[in-house]
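The values are calculated or read from the model by the stated rules, or taken from the named source; none is laboratory data. Because the structure is predicted, anything quoted here is derived from the model rather than measured. Methodologically, a virtual Cβ is constructed for each residue, glycine included, from the backbone with ideal geometry; neighbour enumeration extends over all protein chains shown. What goes into the accessible areas is simple: the full protein's heavy atoms, side chains included, and nothing from ligands, DNA or RNA. Shrake-Rupley method; radii C 1.70, N 1.55, O 1.52, S 1.80 Å.
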Amino acid sequence: MAGYWDGPEGEECPRRTWLTTRVGAAAGLVGSAYRIILLRPSSALGALQMAAADSVTMATLGAVFGLTTCLSAQIREKPEDPLNYFIGGCATGVLLGARARSYMTGAIACLGFGATAALVKIGKQEGWRLTGPPRL
């Protein structure tokens, strides 16, 4: 997500939303490729429909996350607060639950996505790294 972390949070909401939408669409394409390989639809049209539905769903989730996170930073006037990311992740989880038509899915996804997004923001602030040599 080159460019997403550039500049202060809560500004340039359309650009940030576009970046998260693109990441979501790419994740949807990759996920749908695996799903098509594993589930083997009966026709090429079925595979195309599956790929389109997965990609649009993931792109929408990315857009909701980006927009909610940015607007939360603006409304709360706390641009560097990890709670903004929790709110964005929770909104994304609720949307996923609505898509699945399941309250339980929405609640669990809200907590899971929210906690993951907040941890990513905290990790970014604290300088956590997942790869590379350890710092001594």
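For the stretch 27-73, give me the residue count where each residue is open to solvent by 80 Å² or more (accessible area, probe 1.4 Å), of a type in the set (D, E, K, R) and in a helix (DSSP H, G or I).
The number of residues fulfilling the criteria is 1.
Please tell me if residue 112 is surrounded by fewer than 20 Cβ atoms within 10 Å (Cβ to Cβ), on the phi > 0 side of the Ramachandran plot and out of contact with any Asp or Glu (no Cβ under 9 Å at 6 or more places or on another chain).
No: the conditions fail for residue 112.
Among the residues of the stretch 93-132, which ones are over 22 Å from residue 7 (Cβ atoms) and touching a Phe, Trp or Tyr at 6+ places or on another chain (Cβ under 6 Å)?
Passing the criteria: 93, 114.
Cβ-Cβ under 9 Å, sequence separation 6+ or interchain: first residue in the stretch 85-114 and touching a residue at least 24 places away in the same chain (Cβ under 8 Å) and more than 21 Å from residue 125 (Cβ to Cβ), partner open to solvent by 30 Å² or more (accessible area, probe 1.4 Å) and among the acidic types (Asp, Glu). Which pairs?
From residues that are touching a residue at least 24 places away in the same chain (Cβ under 8 Å) and more than 21 Å from residue 125 (Cβ to Cβ), there are no pairs.
Do the conditions hold for residue 105, that is, is it hydroxyl-bearing (Ser, Thr, Tyr), open to solvent by 50 Å² or more (accessible area, probe 1.4 Å), under 21 Å from residue 59 (Cα atoms) and over 13 Å from the mean Cα position of the chain (by Cα)?
So residue 105 passes the test.
Which numbered condition in (1) in contact (Cβ under 8 Å) with a residue 24 or more places away in the chain; (2) over 15 Å from residue 118 (Cα atoms); (3) open to solvent by 60 Å² or more (accessible area, probe 1.4 Å); (4) not in a helix (DSSP H, G or I) is the only one that residue 80 fails?
Failing condition for residue 80: (2).
Determine whether the stretch 111-128 contains at least one residue that is in a helix (DSSP H, G or I), of a type in the set (Asp, Glu) and at pLDDT below 95.
So far as the stretch 111-128 goes, yes, one or more of its residues are in a helix (DSSP H, G or I), of a type in the set (Asp, Glu) and at pLDDT below 95.
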